[in-house]
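Structure record follows, encoded as structure tokens.
The values are calculated or read from the model by the stated rules, or taken from the named source; none is laboratory data. All values reported here derive from a predicted model rather than from experimental measurement. A quick note on method: Cβ atoms are made from the backbone with ideal geometry, for glycine too, and the neighbour counts reach across all protein chains shown. Protein only, heavy atoms only, side chains kept; ligands, DNA and RNA dropped before computing areas. Shrake-Rupley method; radii C 1.70, N 1.55, O 1.52, S 1.80 Å.
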Amino acid sequence: GQLRLAHKFLFLSVIALLLACIPTYFYVQEASKGLSAYESEQEGLPQVAEIMKTIQLTQQHRGIAALVLGGVSGTEDKRAAKQAEADQSYLKVDALVKQMQDPAVDDIWRKAKGDWETLRTGVSSKSLTVPQSFAAHSALVPQLLKLNDRVGDHFGLSLDPDRDSYQLIQSMYYQLPYLTEELGRTRALGAGLLARK
């Protein structure tokens, strides 16, 4: 009661400011988490896209290799061009994996890369049969899909805070590649059967 009116308003303003600071702090903290998740996703999307391109090129190589090993004439040049394209993509993924410095990702990549080198040599030298090539390609692609999943997890794509974008990311980067692999296997198997008549 002994305070002047200006001091009373000042005192009430300080209390109001303190009350406003608490929810503001929590709001900024949550907004910062969402922004960090968004930035991490934006960094990871090109990386995952490159791995998906590598998967696609490996699948395409599987189909063309089935034709070449099945004795279809005029397909070796296409296969060699597809192999060169895949080799470039494998080099880009190799650089990406080295930048990440994640031991779990390194282990998956080391095996996948070694299997690709063995496979491409076997197809180039025609020391593999159509079923052997199909089996080797079909064993390699799931390793690349697993790598894709781990890289996506590394960049937080599997933890998107927004439900709509989470569902979109799950379908585009986690579920759809497995569906395309099933379709790719069917295509390659059909190409091998047609080549052998």
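General observations
- Solvent-accessible area per residue for segment 1-135 (1.4 angstrom probe, square angstrom): 62 Å²
- Measuring r between the beta carbons of residue 38 and residue 87 and using R0 = 30 Å, the FRET efficiency lands at 0.35.
- Size descriptor for the chain, Kirkwood hydrodynamic radius: 19.9 Å (Cα pairs only, one decimal).
- Accessible heavy-atom area order of 82, 126, highest first, probe of 1.4 Å: 126, 82
- Cα gyration tensor shape of segment 125-165, rounded if a/c is under 1.5, else prolate or oblate by comparing a/b with b/c: prolate
- Taking a ≥ b ≥ c as the square roots of the eigenvalues of the Cα gyration tensor, segment 111-197 is classed as oblate, since a/c reaches at least 1.5 and a/b does not exceed b/c.
- Contact order for segment 1-118, expressed relative to its length and based on alpha carbon pairs under 8 Å spaced 6+ residues apart, stands at 21 percent.
- Which listed pairs, of 82/197; 78/111; 82/126, have C-alpha distances above 18 Å, in listed order: 82/197; 78/111
- In the chain, taking the dipole from charged Cβ atoms about the Cα centre, the farthest positive-side position among 127, 143, 167 is held by 127.
- Rounded tilt (10° steps) of 103-124 against the dominant C-alpha axis of the chain: 20 degrees
- Rounded to the nearest 20, the Cβ-based charge dipole of the chain about its Cα centre (Lys and Arg +1, Asp and Glu -1) stands at 420 debye.
- The mean sequence separation of alpha-carbon pairs under 8 Å and at least six residues apart, normalised by the residue count of segment 53-197, gives a relative contact order of 39 percent.
- Anisotropy class of segment 48-129 from Cα gyration tensor, a/c 1.5 cut: prolate
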